[in-house]
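Here is the structure we will look at.
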């Protein structure tokens, strides 16, 4: 993979910015922009409701996007793929569904980790409170890595769900999803993976990982905002009633002697209430085709190289730089969070912006993890994708070095 | 106010630990927006702490915008920096 060639496909880079904020949202290649533009110009109509040609074409494009996603994550069938707005909404939908169907109920337990993004943690905390269940947290070690070795002590027959961020959005650490799934299944619990930071950056095979649910966002994987995916094992999802009813979710609604009765639609439609993200689905499918052309193994290898180089560059700058998370790049995807001694992360972010580098600063929706890492004001996060090259890391290194020289000891 | 006459404004920014309240409230963003939006002649008073936003760093950042430093007072821990937008 030649990142220099890849860069040419991303028009936003023509502004000259060094974009190191892909964990927040990725840039979009021309092919995605063009696919969405062309669809809106010539093929757009609402799906599933029209008996006219354009609506049928739009329906085929929308359903085809489910197939593309299913292939990308090696799902058993396209109807295991549910389109929602983003990862956050996917996890909310899953948590509500399991509570609504009493899979998570009074006296049961859900396990999350102290390292999780709020989008994985808060839906389960809130659902647990609503139904009288308990949330148990896997603690983290000094590097912010979940102490999965404790999992077998934490799970019990009360455990109904283990939900975790596959790759940390702060440290980049990748948890062993298959091992976690096997422990969960040994007590009859379901496993839900927040794949927001892993699906875009590595080969993600739901069957190989043996998980039950996965959530991820289109906008972090070269696609548009406004579309995310909840994937769920068909045999599990089929038995569940959706918590959100409305247009597009039913086969038939009747008024009988017992009041309103509902016959829910098949998967995935019963979980996609209202007019879905049609144009966004077309964009996501195109983004996946782009990633498939690059090859996910190449994506992962490239990002690990950038991560290892970043860790080395920052280490060279001395003890005024503190990296959060493991130092071993083989344990991480393309995320490196750090702090500069005695300087607020957001000020470092402003400094880097003035040097043409876009990074994210703050608590990255992982407050508990930052507290545990002794960084209550947050961190500076550099995150990579296929359009970043080693010279981008050098630029980051030089700019931080200049900052250290400016402020002195 | 008379038509066509603009009163020069003085804007105050705190780059201190106390000013950092929530995860979405970033003093650096306020500094950037204030520098962007200030009109020629406006004075910006920056109250900062050396172990949060070192003055040497802030002066260099401020110099990226068309500004001049008109006053700097420091006790070694906290400082007040006054700049005028040109």
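Summary table
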quantity: In the stretch A:362-371, the residues that are buried (at least 19 other Cβ atoms within 10 Å of the Cβ) and more than 15 Å from residue A:122 (Cα to Cα); calculated: A:362, A:363, A:370
quantity: Scope the stretch A:106-132; condition surrounded by fewer than 24 Cβ atoms within 10 Å (Cβ to Cβ) and within 17 Å of residue A:184 (Cα to Cα); matching residues; calculated: A:108, A:109
quantity: Selection within the stretch A:225-248 - buried (at least 23 other Cβ atoms within 10 Å of the Cβ) and either more than 12 Å from residue A:272 (Cβ to Cβ) or without any contact (Cβ under 8 Å) to a residue 12 or more places away in the chain (or both); calculated: A:231, A:232
quantity: Residue A:76 being farther than 15 Å from residue A:226 by Cβ and surrounded by fewer than 21 Cβ atoms within 10 Å (Cβ to Cβ); calculated: yes
quantity: Matching residues, the stretch A:249-272, being crowded, with 18+ Cβ neighbours inside 10 Å and touching a residue at least 60 places away in the same chain (Cβ under 8 Å); calculated: A:267, A:268, A:269, A:271, A:272
quantity: Some residue of the stretch A:316-337 being without any contact (Cβ under 8 Å) to a residue 60 or more places away in the chain, more than 20 Å from the chain's Cα centre (by Cα), within 12 Å of chain B (Cβ to nearest Cβ) and loosely packed, with under 15 Cβ neighbours inside 10 Å; calculated: no
quantity: Residue within the stretch A:248-263 that is under 21 Å from residue A:117 (Cα atoms) and assigned to a loop (DSSP other than H, G, I, E, B) present; calculated: no
quantity: Scope the stretch A:367-377; condition at negative phi, out of contact with any strand residue (DSSP E or B) (no Cβ under 7 Å at 6 or more places or on another chain) and part of a loop (DSSP other than H, G, I, E, B); matching residues; calculated: A:376, A:377
quantity: Qualifying positions in the stretch A:249-281 - in contact with a helix residue (DSSP H, G or I) (Cβ under 6 Å, 6 or more places away or on another chain) and under 22 Å from residue A:43 (Cβ atoms); calculated: A:268, A:278, A:279, A:281
quantity: Residue in the stretch A:273-282 that is loosely packed, with under 14 Cβ neighbours inside 10 Å and free of Cβ contacts under 8 Å to residues at least 12 places away in the same chain present; calculated: no
quantity: Residue match in the stretch A:167-177 (condition: assigned by TED's automatic domain parsing to the domain that holds residue A:208, within 19 Å of the chain's Cα centre (by Cα), within 27 Å of residue A:102 (Cβ to Cβ) and surrounded by 14 or more Cβ atoms within 10 Å (Cβ to Cβ)); calculated: yes
quantity: Odd one out for residue A:364, checked against (1) part of a loop (DSSP other than H, G, I, E, B); (2) within 25 Å of residue A:147 (Cβ to Cβ); (3) more than 14 Å from chain B (Cβ to nearest Cβ); (4) touching a residue at least 24 places away in the same chain (Cβ under 8 Å); calculated: (3)
quantity: Residue that is over 22 Å from the mean Cα position of the chain (by Cα) and either crowded, with 24+ Cβ neighbours inside 10 Å or under 22 Å from residue A:233 (Cα atoms) (or both), where the choices are A:162, A:183; calculated: A:183
quantity: Residue ranges of strands (runs of 3 or more DSSP E) in the stretch B:26-86 with at least 2 members crowded, with 16+ Cβ neighbours inside 10 Å, touching a helix residue (DSSP H, G or I) at 6+ places or on another chain (Cβ under 6 Å) and away from every other protein chain (no Cβ under 12 Å); calculated: B:78-85
quantity: Lone unmet requirement of (1) within 12 Å of chain B (Cβ to nearest Cβ); (2) crowded, with 16+ Cβ neighbours inside 10 Å; (3) touching a helix residue (DSSP H, G or I) at 6+ places or on another chain (Cβ under 8 Å); (4) assigned to a helix (DSSP H, G or I) for residue A:380; calculated: (4)
quantity: Residue match in the stretch A:50-69 (condition: in the same structural domain as residue A:135 (by TED's automatic domain parsing), within 23 Å of residue A:384 (Cα to Cα) and surrounded by 22 or more Cβ atoms within 10 Å (Cβ to Cβ)); calculated: yes
quantity: Qualifying residue in the stretch A:302-315 (condition: touching a residue at least 60 places away in the same chain (Cβ under 8 Å) and within 14 Å of chain B (Cβ to nearest Cβ)); calculated: no
quantity: Within the stretch A:340-361, tally of residues that are within 12 Å of chain B (Cβ to nearest Cβ) and assigned to a strand (DSSP E or B); calculated: 3
quantity: Residue match in the stretch A:89-96 (condition: under 21 Å from residue A:220 (Cα atoms), crowded, with 16+ Cβ neighbours inside 10 Å and without any contact (Cβ under 8 Å) to a residue 60 or more places away in the chain); calculated: yes
quantity: Condition check for residue A:406: farther than 22 Å from residue B:77 by Cβ and within 13 Å of another protein chain (Cβ to nearest Cβ); calculated: no
quantity: Condition broken by residue A:395, with the remaining ones in (1) within 13 Å of chain B (Cβ to nearest Cβ); (2) modelled with pLDDT of 95 or more satisfied; calculated: (1)
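Residues are listed down the side, and each one gets a yes or a no for (1) closer than 20 Å to residue A:156 by Cα; (2) in contact with a strand residue (DSSP E or B) (Cβ under 7 Å, 6 or more places away or on another chain); (3) in a loop (DSSP other than H, G, I, E, B):
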residue: A:96; (1), (2), (3): no, no, no
residue: A:99; (1), (2), (3): yes, no, no
residue: A:106; (1), (2), (3): yes, no, yes
residue: A:110; (1), (2), (3): yes, yes, no
residue: A:115; (1), (2), (3): no, yes, yes
residue: A:122; (1), (2), (3): no, no, no
residue: A:125; (1), (2), (3): yes, yes, no
residue: A:128; (1), (2), (3): yes, yes, no
residue: A:135; (1), (2), (3): yes, yes, no
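The values are calculated or read from the model by the stated rules, or taken from the named source; none is laboratory data. Please read these numbers as outputs of a predicted model, since none were measured by experiment. FYI the Cβ positions are ideal-geometry reconstructions off the backbone, even for glycines, and counts take in every protein chain you see.
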